[in-house]
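**Q** Before I ask anything, here is the structure I am working with.
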Amino acid sequence: MVRAIVAAGVCAAMVSSCDSGSDGRDDARAAADSAAAASAAPGADTLMIIRHAEKPREKDDGKKPPFGVTEDGEQNEHALVVRGWQRAGALTGLFAPDGGASPRPGLRRPSAVYAADGHDGGKGLRPAETVAPLAAKLGLRVNTDYGQGDESALVKEVSGRHGATLVSWEHHRISHIVKKLGTVRPAPPDAWPDDRFDLVWVFTREGKGWRFQQVPQLLLAGDRSDPA
């Protein structure tokens, strides 16, 4: 039953991400697309980083709703909540639009997808869950060879790749990835905000460094258009 609810939520998110959006998301998308297009570099090596999607509230310790639930419908405090699964579903349309269309300005269709591994005996399910629907649509394996604490090795690998790479990570550790990239202009925020699940940090190779921009996802009701 819970799995059916999760699946329905994912499907609903994929549909709602394409509707007219009475909450002003269309206008916000247009403004964000215009800003992203101004600094886009089509074809350049691109690293896109997202935070895993929504989770149970930490203060409730997984004992109060909304509960985390796995793709198999099992309640699990380390998994995404239903809204998180909705975001995971909507991310497929953001990064891999139907019909082979290009993603919104500033983003690219990834040719590789990485996520932090399920550390400590499966206590880190959310990063991989967040990108699982997208990877399935693209026919890619989610690379979970690296976990929290392995940011140096992760950056060494993804920096050596060509094309577009997407990384889904735990937000407190994203700054560790950024610091390992070397020269980045303009300077990114020192930390990923605790209250934001709705951003994409985009790093485009520029000479020996990287050009940074933030692209708002604007997928679900309540998503914001302002950067971190």
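The values are calculated or read from the model by the stated rules, or taken from the named source; none is laboratory data. In this text the structure is predicted, and so the values were computed from the model without any measurement. Glycine gets a Cβ as well: all are built from the backbone with ideal geometry, and neighbour counts include every protein chain shown.
**Q** Please find, within the stretch 148-176, the residue that is nearest to L80 (Cα to Cα) out of those that are of a type outside the set (S, T, Y), surrounded by fewer than 20 Cβ atoms within 10 Å (Cβ to Cβ) and in contact with a helix residue (DSSP H, G or I) (Cβ under 6 Å, 6 or more places away or on another chain).
**A** Of everything passing the filter in the stretch 148-176, Q148 is nearest to L80 (Cα to Cα).
**Q** Would a scan of the stretch 174-185 turn up a residue that is over 22 Å from D226 (Cα atoms), among the basic types (K, R) and not in a loop (DSSP other than H, G, I, E, B)?
**A** Looking through the stretch 174-185, at least one residue is over 22 Å from D226 (Cα atoms), among the basic types (K, R) and not in a loop (DSSP other than H, G, I, E, B).
Quick grid of which residues meet (1) at positive phi; (2) among the charged types (D, E, K, R); (3) touching an Asp or Glu at 6+ places or on another chain (Cβ under 6 Å):
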| site | (1), (2), (3) |
| --- | --- |
| G100 | yes, no, no |
| R108 | no, yes, no |
| G118 | no, no, no |
| L134 | no, no, no |
| G139 | yes, no, no |
| V158 | no, no, no |
| T165 | no, no, no |
| W169 | no, no, no |
| R173 | no, yes, no |
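**Q** Return a yes/no flag: does the stretch 53-69 have any residue that is aliphatic (A, V, I, L, M), modelled with pLDDT under 95 and under 17 Å from the mean Cα position of the chain (by Cα).
**A** So far as the stretch 53-69 goes, no, none of its residues is aliphatic (A, V, I, L, M), modelled with pLDDT under 95 and under 17 Å from the mean Cα position of the chain (by Cα).
**Q** Something else about it: Out of L107, L91, which single residue is under 15 Å from L218 (Cα atoms) and in a helix (DSSP H, G or I)? Don't jump to the end; show me each part of the working.
**A** Details: L107 fails: in a helix (DSSP H, G or I).
The match here is L91.
**Q** Sticking with this structure for a sec: Any idea which residue in the stretch 127-144 is surrounded by the most Cβ atoms within 10 Å (Cβ to Cβ), counting only those that are more than 17 Å from L154 (Cβ to Cβ) and touching a Leu at 6+ places or on another chain (Cβ under 8 Å)?
**A** That would be E129.
**Q** Let me ask you something else. How do the pairs read when you match residues in the stretch 205-221 that are of a type in the set (G, A, S) and surrounded by fewer than 21 Cβ atoms within 10 Å (Cβ to Cβ) with residues anywhere that are part of a loop (DSSP other than H, G, I, E, B) and modelled with pLDDT under 95, using Cβ under 7 Å and keeping only pairs 6 or more apart or on different chains?
**A** A221/D23
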